[in-house]
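A short worksheet on the structure shown next.
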Amino acid sequence: MGRFETKRLPSAVDAIAPDGSEVRVLCSGVRGSMAHFSLPGGQVSQAVAHHRIEEVWYFLTGRGRFWRKQGADEEIIEAFEGVSITIPAGTRFQFRNDGDEALVAVGVSMPPWPGEDEAYPVEGVW
């Protein structure tokens, strides 16, 4: 059984994700963890895939595009405030910020994020 956790959004960046986005770690439970991702204006992330975790993201601010590919399924979607997406395990993905304002999302990883070795670089679309 898990225990209660309460956390405010940190003002400082906790880490740089394998895709190059800025990460602020939020709460974590037994079955999942949550983080705040930010990609500065005009930047493009490194394309990556995850070995075993799946993620659900919700975009808070900014405007950009998000590419994901799994097998024959491939798409590029518009990413902006109010859009929610899933990233199943093994999905190749990459995102870009097409504006000046940071492209910001919160994401939940299931199971909890295990560490840097979870993500590996892949060939992206940008």
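Peptides 50-60, 90-100 ordered by packing proxy, namely the average of other Cβ atoms within 10 Å per residue, highest first: 90-100, 50-60.
Counting every other Cβ atom within 10 Å of each residue's Cβ, T6, T61 order from fewest to most as T6, T61.
Read-outs: derived from the displayed coordinates by stated rules, not from any lab. None of the values given here were measured: they were computed from a predicted structure. Here the Cβ is made from the backbone with ideal geometry for all residues, glycine too, and neighbour counts use every protein chain on show.
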